[in-house]
Every structure is written in structure tokens, then in C-alpha cells.
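The values are calculated or read from the model by the stated rules, or taken from the named source; none is laboratory data. The model shown is predicted, which means the values in this text are computed figures rather than measured ones. Here the Cβ positions follow ideal geometry from the backbone for every residue, glycine too, while neighbour counts run over all protein chains shown. The protein model used for the area step is the full one, side chains on, heavy atoms only, and it has no ligands, DNA or RNA in it. Shrake-Rupley method; radii C 1.70, N 1.55, O 1.52, S 1.80 Å.
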Amino acid sequence: MADVKTIGVLTSGGDAPGMNAAIRAVVRAAIKNGMKVKGVMRGYNGLLHNDFVDLDMRDVSDIINRGGTILYTARCKEFSTEEGVRRAAENCKAAGIEGLVVIGGDGSFRGARDLTNLGGINCVGLPGTIDNDISCTDYTIGYDTAMNTAMEMVDKLRDTAQSHDRCTVVEVMGRHAGYIALNAGIAVGASYIVVPEKKLDMEALISKIKAAHAMGKQHFIVVVAEGVAMEVEGGSNWIAKEIETATGIETRATILGHVQRGGNPTVTDRVAATTMGHHAVELLKEGIGNRVVGQRAGKVVDFDINEALQMKKSLPMDLYAIADDVSF
Ligand code: ADP
């Protein structure tokens, strides 16, 4: 059995609610297994600048319920070079860090792979992103909270759209994946959902609204994923203008933005972060690295990082069809 004495933990890339719950689980599970834990500040930057902090049992008290990340997060260009990876590995070794939990997205996992293979520091990735766009896992930490935040915000927009007989176009996060848009869209009863996985069809969108209007519907919600809005000049405002011009219904666009990245994590996110964080420690304790932890059919699993990065996952279009069937 590997005799691992100290592991590190960092958060990298975009933040997500539940990252703190994951840090807490890693720290507590490691201590339970007789290991010490060092927190690495601001993603891979902390490794390059020896910005480490000892994390004891009580240092992670009162964070399971908090959004954001107590370790801060950042992107780090310097680390993406071979020289950066080697320097990071040397700093880890000097600080006694033998294994590392990396909480982030695919970019962060590429760094974790390099640090394992080039630098000899066993790394285990935990999927932390609100977008649910990591292929090896059904679920990513932060996703449920983000969907619920989007739903609550759109519920509020519904009130005002209803009062004014308006159409409200809401842009939610998701550059490459429509998971938030699809699920939040269903949950708010959107008339139309626009996702990056499906080409934007303004004609279909407008005719759906016109048909519903003709049947007496007075207010409308259109949910648009960020990735689609980025592809059209004028973004969500342009989509709103087009709807207004074609239907005569007053239409406003709202971009929810980073509000979806914050807030107290939901039960689902806290439990996912805790079980996956615990699993990452079990791997590192055995001297196993170059793995990504995920969830498949409700079970915690792990994969080789390279294999995980090559996997594909697709938005359930049957769910999209259901949303379409019940929105008129
Ligand atoms: P995310 O982890 O959310 O996908 P990024 O893609 O911005 O976020 O990656 C976060 C950090 O991971 C980067 O700033 C960089 O330090 C590291 N990283 C990203 N891509 C690579 C890569 N190809 N090789 C090594 N490190 C990488």
C-alpha cells in the first residue's frame, strides 16, 4: 500500500457552487485516512508561486453551504507550458505534496494529466462546472444550483412578462452545452428553448409564438443558451427584436450572467461534491493518479484522464422534444 502522507487540493477554471463542499470532503477524508492536506491558492498559480495553506479539520468548517471557493480560482497560462508543469511539480515535491485533487473542468484536467505524467505528482480531477459539459460524467458539481438559480430568476421574469403581456427572452449560461437552457427551460415552461446543439431556427421560433398567440396565449418565455447568443450579432437583444418585429408582441431580453455561478449549493451539489471528493482521496491514498472522478447512473466512478477527455456526451434531444410538445 502506498504511504502517502500529504496531498494538495486546488480549484481551477470557472468557479461553481459546491466547490467548497468538495474541498471540505477532501480535507476531512484525507485527515480521516491519516494524511495531511495543503490548500493550493488560485488554481495552478499557487503551485508556481508556492502559495500553499495548511488545511486542518476546522479550517473547512462552515463552508459546505457556501458558494464560491475558499481557495479562490484562476486560470494560469504559465502552467500550460512544459517548463511550468515541471516547476509546479518541483514546488509540490519541496512542499511534501505527493498527490493533488484538481477541481475544475476539462482544461484543468489537461493540466492534471501533465502534472501526473510529466511531473510525477499523482492528480485526480473532480468535475466542477455549472455547465455539466464534462463528458465522462452524468453530473458536474454546481450544475443543479445553477439550474435552480436560473429557474428562480425566470420565475420572477415571468411575473413581469405576465403583467405586461410581454415576451421575455432569457439568456442562460452554457457556451458549448445546452444543459442549463434545456432543463431550466422545461422547469419554467418556456415557449421555446434555444441550445447550442441545435441550429437556431428563428422562423420556427417565431411561428411557434405566433401560433400560441393566436390561441390566446399572452406572455411568452424564450430561453436561449449563451453559446447561441454569442454566435449571432446583437446576441439575445437581436433575438428579442426579431420576435417583436415579427409578432408585434413587446419583447425584452435579459442576460442572467454570473448570478448563475454563485449562491448556496443545493442538496444535490453538496452530496455530489462530498461523494466525489471522498472518492478522489481514496484513489490518492492508494497512490493512484491521472484519473477523473465522475458519476454514472448515480454511482461514483473514475476514468483515466486521457480517456475521459476523449469521451463524448450529447444533450438528450428526446427531452428537447418533450419540452416542445408541452409548450404552446
Ligand atoms: P476549465 O478547467 O474550467 O476548463 P480552463 O480551460 O481555463 O478552465 O483551464 C484552467 C487552467 O488549466 C488553465 O489556466 C491552465 O493553467 C490549465 N490548462 C488548461 N488547458 C491546459 C492544457 N492543454 N495543458 C495544460 N494545462 C492546461
Report, in debye and to the nearest 20, how large the dipole of segment 76-139 comes out about its Cα centre when Lys and Arg carry +1 and Asp and Glu carry -1 on their Cβ.
240 debye
Spatially close lysines, pair count over segment 136-282: Cα under 17 Å, gap of eight or more or interchain
5
Mean accessible surface per residue for segment 187-255, computed with a 1.4 Å probe while every protein chain stays in place, in Å²
49 Å²
Are there trypsin sites (Lys or Arg not before Pro) in segment 68-154 that DSSP marks as loop and that have at most 11 other Cβ atoms within 10 Å, and which are they?
K77
Taking only Cα atoms, what is the 0 to 90° angle, nearest 10, from helix 19-32's long axis to the longest principal axis of the chain?
30 degrees
Rolling a 1.4 angstrom probe over the protein chains, ignoring ligands and nucleic acids, what is the accessible area of H176 in square angstrom, nearest 10?
150 Å²
Three principal axis lengths of the chain [C-alpha, angstrom, descending]:
71, 37, 33
Inter-part gap, Cα centre of segment 141-174 to Cα centre of segment 258-283, in whole angstrom, is 23 Å
Of the DSSP beta bridges with both residues in the chain, give the percent that are antiparallel, rounding to the nearest 5.
25 percent
Give the ranking of T268, T116 by solvent-accessible surface, highest area first, calculated with a 1.4 Å probe.
T268, T116
How many Å² of accessible area per residue for segment 84-147, probe 1.4 Å?
26 Å²
In whole percent, and with a 1.4 Å probe on the protein chains, what portion of the accessible area of the chain is carbon and sulfur?
49 percent
How large is the accessible surface of D159 in square angstrom, using a 1.4 angstrom probe and rounding to the nearest 10?
90 Å²
Per DSSP, loop GluC sites (Glu not before Pro) in segment 204-238 with at most 15 further Cβ within 10 Å:
E233
Treating only the Cβ of Lys, Arg, Asp and Glu as charged (+1, +1, -1, -1), what charge dipole size does the chain show about its Cα centre? Round to the nearest 20 debye.
600 debye
Segment 1-110: antiparallel DSSP beta bridges as a percent of all, rounded to 5:
30 percent
What is the helix-to-structure angle for 82-95, meaning the angle in degrees between its Cα long axis and the longest Cα principal axis of the chain, kept from 0 to 90 and rounded to the nearest 10?
60 degrees
Can you grab the distance from the C-alpha centre of segment 62-87 to the C-alpha centre of segment 297-328, Å, no decimals?
27 Å
Any chance you could run the full-extension gain for V232 through V301? It's 0.36 nm times the residue separation minus the Cα-Cα distance, nm to one decimal.
21.0 nm
note: segment 108-151, Cα-Cα separations exceeding 11 Å make up a percent value of 67 percent
Using Cα pairs closer than 8 Å and at least 6 residues apart in sequence, work out the relative contact order for segment 101-174, in percent.
21 percent
Is there a quick way to get the dipole size of segment 12-73? I mean about its Cα centre, with the Cβ of Lys and Arg at +1 and of Asp and Glu at -1; what is the value in debye to the nearest 20?
180 debye
With the dipole of segment 175-227 worked out from charges on the C-beta (+1 for Lys and Arg, -1 for Asp and Glu) around the Cα centre, which of S207, Q218, V188 lies farthest toward the positive end?
Q218
Output the 0 to 90 degree angle, nearest 10, between the alpha-carbon long axis of helix 143-164 and the longest principal axis computed from the alpha carbons of the chain.
20 degrees
Can you find, among T168, V85, A25, the residue farthest towards the positive end of the dipole of the chain? Put +1 on the C-beta of Lys and Arg, -1 on that of Asp and Glu.
A25
In percent, what relative contact order does the chain have, based on Cα pairs under 8 Å that are 6 or more apart in sequence?
24 percent
Loop-located trypsin sites (Lys or Arg not before Pro) in segment 273-328, at most 13 other Cβ atoms within 10 Å (DSSP)
K312
Percent RCO, i.e. relative contact order, over segment 12-84, from Cα pairs under 8 Å lying at least 6 residues apart:
45 percent
